[in-house]
Structure formats: structure tokens, C-alpha cells
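The values are calculated or read from the model by the stated rules, or taken from the named source; none is laboratory data. Note that the structure is a prediction, hence the values are computed from the model and not measured. FYI the Cβ positions are ideal-geometry reconstructions off the backbone, even for glycines, and counts take in every protein chain you see. Ligands, DNA and RNA are stripped out before the accessible areas are found, and what is left, the full protein with its side chains, is counted by its heavy atoms. Shrake-Rupley method; radii C 1.70, N 1.55, O 1.52, S 1.80 Å.
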Amino acid sequence: MKKILIIGAVGQIGSELTLALRNIYGNENVIASTRKTPPSDKVRESGPFEFFDTTNKDDLLKVCKKYEIDAIVNMAAILSAVGEKYPMLAWDVNMNGLINVLEVAVELKMKQVLIPSSIAVFGPGTPLDCAPQETVLKPTTMYGVTKVAGELLCDYYVQRFGLDIRGLRYPGIISNETLPGGGTTDYAVAIYYDAVKYGKYTCFVKEDTKLPMMYMPDCLKGTIDLMQADFSKLKHHSDFNLGAMSFTVGEMADSIKKYIPDFEITYEPDFRQAIADSWPDAVDDSAAKEEWGWKPSYDLDTMTQDMLKVIGEKHKKGLI
Ligand code: VAH
């Protein structure tokens, strides 16, 4: 891979993945892009940036030819909560955007495509204590439907066109650079910001809601490790389960109280509770461990300590 295009480079994962890939491949070799939201200063000032809409294939093709792109990372997506408000928008962005990426990658004979999936592929019929790598995939959200369809489409393009496609079923991702937007797991980020700013948080899911979660440094490590894995050794392609830790909201609150003893949490479940309840508590990621050596580093307490430190420093500087 010499010239990587990141689509969705202003999102929670895309913004940090852009900087991580620029550190590895060189600033000028990682082209960041999004539809219209302005990028962060760090992304804008560190390398090339383009505005275009992935649902417009001609615009995508033009950018890929302009920079001689040979790999695409497509992080553009409408997530679970917003996807339930606007299901056809989620289908358009998540599926028509994906089809354009795959078609352009075949047309330009690209070396690699990375397409994220999610634990949102799981639903009723999936063993909810620990979702196996191979299991029933009957999601109850449009976002989940697009992720199952996306995994199937990617595997078709691997076997039909010989495209090198890789993908991960991300758990909830927790970070302190770019706020997430429109997801069900967003509470796991907001709880830290509100704990630092207000000493309290009102959570939109119940205390005993337990989901697979991951700290951003592990998310970046897993994504880049998979991008750099030997494709010939992979038995799976676009659908690797990726696990790190699982915890309830109550356990998160207890972890925060170790550093902010007076922290208070209340619970006001909304429509996102049903989405969270349809997802598994944990995932079996033995395929990722066996096929490309996946190994997470962070647990709940080491993540909490780092999150509160970084967010606390931002708060002191008046940045949040
Ligand atoms: C969401 N953060 O909540 C995303 C994610 C695991 C869920 O895909 O929709």
C-alpha cells in the first residue's frame, strides 16, 4: 500500500486512524476525506484532505485517480441510533457508499480495502453471553442490516474479483479525541466527559446493560495489525470478531468513583435500550487471535485512568 484514502476521516475512529496511518505511511500518503464536516486541526494540518460524498461514485473515482490511491479505508457510516431515525439514509450511505468503494477498488486494481463491521450484526438467535465468530446474524437495526449485507458483499468481492478486503466487527469504542456521533454505545464516552465536567451523568441505558467495549488505542492497534497482516493466511476477511473487555454501566461508574469519589449516576433508558439489549455481552475473537495475532492491552481501570487524565487536562484548559 502506497497511497491510502480514508473516507470518514472526521469521525470518532477515522480521525484518529488518519493520524496513526500518517505516522506509519507518511503524511502525504494518507489522504483524509469526508462529505462536508470540517476536519480537526490535527487532521487538516497534517496531510491532504478532500471533501466528497461516497454515494457519488464519479467523485470517489476522481479523488482516487488524482492521488493514485491503491488502498481505501471506508469509515463512513450512519450508526445504530441515527440509523433508526433515518433508515433509508443509513442504507444509502452504508450500502451505496460501500458498493462504490468496492467497484472503484476493482476498477483501479487496488491492493487493499478495509471495511469496518460491528457487533451490531448480532441480534436475536445469537448467543448473547458470548457471540461466536460463526453464528446467527439477525440484527434488529438498519445499521446492523447494512453491516451484515456489507460483510456478505465484501466476501463476494473477495471470491468473485479477488479483491483484498479486510474488516472487523468493532465493539463500542471509547476515546477522548473526537466525540462519537449517533451510536448506541456513545454513553460509554459521555459518562467520562460528564463525570469530569459536572460530577454526574444521566445514562440512556440501564445500570446492568453489559456490552463489549474497547479503548481507542486498542482499536487503532487492531485495525492496523489487520491491515498489515498476510492476506494469504486469513481464513476470514470482512467479519472478524474483535474483543477487548465487557462491562456494565454500573461497573463503569464504580471505576470512575475510584478517581472521582463523589461521582453520581442516574438512569433514564430510551429507545437505545432495546438496541443495546439485542447485542451480546461479549464476543469470541479467537479467529482474530489465531489468524493475525490480535491482543488487546487495556482493561476498564487502565482505560478509566487514562480517559479521566486526558479529559481532565482538556477541561482545565477550557477546551471542553
Ligand atoms: C454504535 N458505536 O453504537 C456504534 C457501534 C458497537 C456499536 O457500531 O452504533
Discussion item. What are the pairs with Cβ atoms under 9 angstrom where one residue, in the stretch 70-89, is acidic (Asp, Glu) and modelled with pLDDT of 95 or more and the other, located anywhere, is near the ligand (Cβ under 9 Å from one of its atoms) and assigned to a loop (DSSP other than H, G, I, E, B)? Sequence gap at least six, or different chains.
Written reply: GLU84/THR141
Worksheet, complete the sentence: By residue number, the members of the stretch 251-271 that are touching a residue at least 40 places away in the same chain (Cβ under 8 Å) and more than 25 Å from the chain's Cα centre (by Cα) are LYS258, TYR259, ILE260, ASP262, PHE263, GLU264, ILE265, THR266, TYR267, GLU268
Worksheet item: Which condition number in (1) within 16 Å of the ligand (Cβ to nearest atom); (2) under 18 Å from the mean Cα position of the chain (by Cα); (3) closer than 30 Å to THR302 by Cβ is the one that ARG166 fails?
Response: (1)
Worksheet item: Across the stretch 79-110, which residue is least open to solvent (accessible area, probe 1.4 Å) among those that are more than 14 Å from the ligand (Cβ to nearest atom) and out of contact with any helix residue (DSSP H, G or I) (no Cβ under 9 Å at 6 or more places or on another chain)?
Response: ASP92
Worksheet entry | Tally, over the stretch 180-211, of residues that are within 12 Å of the chain's Cα centre (by Cα) and surrounded by fewer than 18 Cβ atoms within 10 Å (Cβ to Cβ) | 1
Worksheet, complete the sentence: From the option list ALA282, ALA274, ALA253, single residue qualifying as of a type in the set (A, V, I, L, M, F, W, C) and closer than 30 Å to ALA229 by Cα is ALA282
Worksheet item: What number of residues within the stretch 139-179 are open to solvent by 20 Å² or more (accessible area, probe 1.4 Å), charged (D, E, K, R) and under 18 Å from LEU102 (Cα atoms)?
Response: 4
Discussion item. Return the residues of the stretch 124-135 that are surrounded by fewer than 24 Cβ atoms within 10 Å (Cβ to Cβ) and in contact (Cβ under 8 Å) with a residue 12 or more places away in the chain; say none if nothing qualifies.
Written reply: PRO124, GLY125, THR126, PRO127, LEU128, ASP129, CYS130, PRO132, GLN133, THR135
